[in-house]
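Beneath this line is the structure, given in structure tokens, with notes to follow.
The values are calculated or read from the model by the stated rules, or taken from the named source; none is laboratory data. Predicted model only: the values in this text are computed from it and were never measured. So basically every Cβ, Gly included, is an ideal-geometry build from the backbone, and we count neighbours across all protein chains shown. Heads up: the accessible areas ignore ligands, DNA and RNA and are worked out on the full protein's heavy atoms, side chains in. Shrake-Rupley method; radii C 1.70, N 1.55, O 1.52, S 1.80 Å.
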Amino acid sequence: MGELIARIEAAYVTHRSFERTAGDEVQGVLLSAESAVHLALEVVKTGEWSVGIGVGAAEEPLPAQTRAGRGLAFERARDAVERAKTSSGRLAVTGAGSGAERLEAELQMIASVNLRRTETSEEAGQLLLSGLTQRQVAKRLGISQQAVSSRLSSGLWYETQRLTEVAVVALERLDAATISADDRAENEGVNA
């Protein structure tokens, strides 16, 4: 668990650090939808963890320790991680409205493809993500450019990268819509 937290903290800028909350669970608050999507997919790809993303308002100011956080975002994260343990792709999203269901399905699809990739497809894809061209990847791996293209194609690299970009935008929209709805509901409750 400490290894996971160290890896997260080294690779992602957090609003509140990841820390152990209960049993074998960790929780943190990220600054962006892009970080949340990429982190969720990276952690699920290890095959060792289930990931829940909770979307909603959090009580401000956030406490210094993540596990002391309160609000709908934290409640929804708890729901999501519990559902993720038995869901396709080991990933779940909880937020207000149907946008969360669609985003969850998209992320589960990406996670499922990522888990099924061959080692050779993963290697070619990671080199491509590092900024190399297919020609450079071929040279580095000592294979033809056609073989690289075949590995990327069989691993659905371009399709999952595009779907990941779409998922980031969907999470940004869901976050804005959910927090607005949460604020309206909270204000209506106060005014009633």
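What value, in deg cm²/dmol to 500, does the helix sum -39500 (n - 2.57) over DSSP H runs of n ≥ 4 give at 222 nm once divided by the residues of the chain?
One gets -20500 deg cm²/dmol as the mean residue ellipticity at 222 nm.
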Nearest-0.05 FRET efficiency for Tyr158 and Val13 at R0 = 25 Å, using Cβ-Cβ distance, is 0.35
Please give me the summed charge of the neighbours of Gly28: other residues whose Cβ is under 14 Å from its Cβ, Lys and Arg +1, Asp and Glu -1. +1
Out of the total accessible area of segment 118-186 (probe 1.4 Å, heavy atoms of protein only), what percent is carbon and sulfur? 51 percent
Share of carbon and sulfur in the accessible heavy-atom surface of segment 1-71 [1.4 Å probe, %]: 49 percent
Angle check, please: helix 72-84 long axis (alpha carbons) against the longest principal axis of the chain (alpha carbons), in degrees 0 to 90, nearest 10. 50 degrees
Sorting Ile110, Ile5 on solvent-accessible surface, 1.4 Å probe, most exposed first, gives Ile5, Ile110
For the chain, share of DSSP beta bridges that run antiparallel, in % to the nearest 5: 55 percent
State the extension gain, in nm to one decimal, for the chain segment bounded by Arg135 and Lys45, taking 0.36 nm per residue of separation less the distance between their alpha-carbons. 29.8 nm
From the phi of every residue in segment 161-172, what ³J(HN,Hα) in whole Hz does the Karplus formula 6.51 cos²θ - 1.76 cosθ + 1.60 yield, where θ is phi - 60° and glycine or proline is x? 5, 5, 5, 5, 4, 5, 5, 4, 4, 4, 5, 4
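Where Lys and Arg each count +1 and Asp and Glu each count -1, what net charge lies around Gly142 among other residues with Cβ under 14 Å from its Cβ? Could the numbers behind the result be given before it?
On the way: positive: Arg135, Lys139, Arg140, Arg151; negative: Glu123.
Its environment carries a net charge of +3.
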Under 15 Å from a point placed 7 Å out from the Cα of Ile143 along the Cα-to-Cβ direction: which residues of segment 155-181 have their backbone N that close? 155-158
What ratio of Cα Rg to 2.2 N^0.38 Å holds for the chain? 1.14
Rounded if a/c is under 1.5, else prolate if a/b is larger than b/c, else oblate: which is segment 55-151, with a ≥ b ≥ c the root eigenvalues of its Cα gyration tensor? prolate
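Which value, to two decimals, describes the C-alpha radius of gyration of segment 1-84 once divided by 2.2 N^0.38 Å?
1.00
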Keeping every protein chain present and rolling a 1.4 Å probe, give me the accessible area per residue for segment 24-91 in Å². 49 Å²
